[in-house]
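Read through the structure below, which is laid out as structure tokens, and then see the notes.
The values are calculated or read from the model by the stated rules, or taken from the named source; none is laboratory data. Only a predicted model underlies this, so the values are computations on that prediction, with no experimental measurement involved. So basically every Cβ, Gly included, is an ideal-geometry build from the backbone, and we count neighbours across all protein chains shown. Just so you know, the surface numbers come from the protein's heavy atoms only, side chains and all, with ligands and any DNA or RNA stripped out. Shrake-Rupley method; radii C 1.70, N 1.55, O 1.52, S 1.80 Å.
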Amino acid sequence: MKKLEITIATWDYDRVRPIMGGRVRVEGCEINFIKVPPEECFHRAWYNQDFDVTEIGLSGYIIATSRGTGIGGESRRIEVG
């Protein structure tokens, strides 16, 4: 079965390094991880929809959820290895 290709864009945070480095895998998905500074990430997410998964600023998220288009999620610190 072919894996779903997903592009994830975020900055180099300790919470996402296990996914960036491949130590944590997303089952059934082939991840294309792009490291992008937050301001650029927010802009590209809102105006270009360049990524499948990305971080956005809180104010943008509140606006999106008020319009019914925001989907929330969070990353938490986990111990790996």
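Annotations for the structure displayed:
Per-residue answers, yes or no, for (1) of a type outside the set (D, E, K, R); (2) open to solvent by less than 70 Å² (accessible area, probe 1.4 Å):
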| residue | (1), (2) |
| --- | --- |
| Lys3 | no, no |
| Asp14 | no, yes |
| Arg25 | no, no |
| Glu30 | no, no |
| Lys35 | no, no |
| Cys41 | yes, yes |
| Phe51 | yes, yes |
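- Annotation note: Cβ proximity below 8 Å between a residue of segment 43-56 that is closer than 17 Å to Val16 by Cβ and a residue that is open to solvent by 70 Å² or more (accessible area, probe 1.4 Å) (sequence gap 6+ or interchain) occurs for Glu55/Trp11; Ile56/Trp46.
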